[in-house]
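Quick notes on the structure that follows.
The values are calculated or read from the model by the stated rules, or taken from the named source; none is laboratory data. The model shown is predicted, which means the values in this text are computed figures rather than measured ones. Here Cβ is always computed from backbone atoms with ideal geometry, including for glycine, and neighbour counts include all displayed protein chains.
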Amino acid sequence: MKHNFGAGPCILPQEVFKEAAEAVLDFNGLSILEVSHRHKDFVAVMDEAIILTKKALNIPNGYSVAFLQGGATLGFTIAALNMMRSSKRAGYINTGTWASGAIKEAKKVGLDVDVFASSEDRNFTYIPTNYKISPDLDYIHFTSNNTIYGTQFQDYPKSELPLVCDMSSDIFSKEINVADFDLIYAGAQKNLGPAGATLYIVKDEILGKSTSPFMPTYLDLKQQIDKESMLNTPPVFSVYVAMLNLRNLIAQGGVKNIEARNNTKSALLYAEIDRNSQFKGAVERADRSKMNITFLLNDETRASMFDAMWKDAGIVGLPGHRSVGGYRASIYNALPIESVQVLVDVMKEFERKS
Ligand SMILES: *Cc1c(COP(=O)(O)O)cnc(C)c1O
């Protein structure tokens, strides 16, 4: 078995892979790949996926859950279209590639975007603080975990304005207070399930209030939620496997337990990065991500030796994103601590050989 540190699509629990494989061959006498999305057996899967999402994240009354398509990338557009109100101005925090993508799409749907905080000046190696939020904005948007750069908001922005978050790469990794948010969206393929489904957690109060003159049916969260994620054919397999993964998560003690394990895993790797004379972390310590750990070699000329060593140890998915370089260890929920230990051991061995 390989140790998969890939940033996404990512590792899921082995038992979930096994159950998913079984359902491809036999889901109540059909394959999960051929079952009608209107069949009661699949409607029950969708219902359970929604119920388990609410349970895992302790979602209060007054919120709805939907599984749509298009990834977080379409989420950028869906969020902007559905949250547009009378001022047609929105505030965004720019903490990297995905946040910048969200800003671009908000502008495309006709919002005037106020980027009131940004860490672009230091190549997105920190989370900005000390910003002022103008009170006339329709909503504010941020990206809770910056998958590419390896930073993560430890505290969420506070304001009276509606709060929207792209949580693609840290949802289900730690406890959150959903009541603080008006809209959360996340591509499934980091922590939740296979690529295909995109999760939306929506405060019911926001539905049907958009002032956008342009609102295609598919992008209207009100219609999607009224139709219980069945406005058109949903990503059946992705939702099915996400449901299996949520069952697995809850059976393991839920998000609270996973969070404790994620803390242990990330502490193990960061301790080695800080201890080892050959490596350094790529971002500000206080803003380090517990999901995507970015680090650099002090001496880049030794990269080929280190690369050969981790590859030999069965590690895959470790190179950093092309815009950052160095290394990125994505340690999503399902990555076992044993895999983190293998990487730490390789780092120690590399230092010994220096
Ligand atoms: C991966 C990722 C995206 C893009 O997701 P797609 O599902 O590929 O559209 C957006 N935001 C964040 C934070 C991500 O990690």
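For a quick check of your reading: which helices (runs of 4 or more DSSP H) sit entirely within the range 236-335 and have at least 2 residues that are over 22 Å from residue 9 (Cβ atoms) and of a type in the set (D, E, K, R)?
Working: elements: 236-251, 254-275, 303-312.
Per the criteria, 254-275, 303-312.
Yes or no, residue by residue, for (1) surrounded by fewer than 21 Cβ atoms within 10 Å (Cβ to Cβ); (2) in a helix (DSSP H, G or I); (3) not hydrophobic (A, V, I, L, M, F, W, C):
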residue	(1), (2), (3)
16	no, yes, no
45	no, yes, no
51	yes, yes, no
54	yes, yes, yes
79	no, yes, no
86	yes, no, yes
93	no, no, no
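Working only within the range 78-108, note down all residues that are over 17 Å from the mean Cα position of the chain (by Cα) and among the hydroxyl-bearing types (Ser, Thr, Tyr).
86, 87, 92
Could you check the range 92-110 and list, in sequence order, the residues that are touching a residue at least 40 places away in the same chain (Cβ under 8 Å) and closer than 17 Å to residue 167 by Cα?
92, 93, 95, 96, 97, 98, 99, 102
If you take the residues in the range 18-41 that are outside any helix (DSSP H, G or I) and of a type in the set (D, E, K, R), which one is farthest from residue 187 (Cα to Cα)?
For the range 18-41, the residue satisfying everything is 26.
Being surrounded by fewer than 16 Cβ atoms within 10 Å (Cβ to Cβ) and of a type in the set (Ser, Thr, Tyr), is that true of even one residue in the range 292-312?
Yes, because at least one residue in the range 292-312 is surrounded by fewer than 16 Cβ atoms within 10 Å (Cβ to Cβ) and of a type in the set (Ser, Thr, Tyr).
For the range 117-130, check the following and say yes or no: at least one residue is modelled with pLDDT under 95, farther than 25 Å from residue 207 by Cα and not hydroxyl-bearing (Ser, Thr, Tyr).
Looking through the range 117-130, at least one residue is modelled with pLDDT under 95, farther than 25 Å from residue 207 by Cα and not hydroxyl-bearing (Ser, Thr, Tyr).
Checking residue 34 against (1) surrounded by fewer than 12 Cβ atoms within 10 Å (Cβ to Cβ); (2) of a type in the set (Asp, Glu); (3) touching a residue at least 12 places away in the same chain (Cβ under 8 Å), which test does it fail?
Going through (1) surrounded by fewer than 12 Cβ atoms within 10 Å (Cβ to Cβ); (2) of a type in the set (Asp, Glu); (3) touching a residue at least 12 places away in the same chain (Cβ under 8 Å) one by one, residue 34 breaks only (3).
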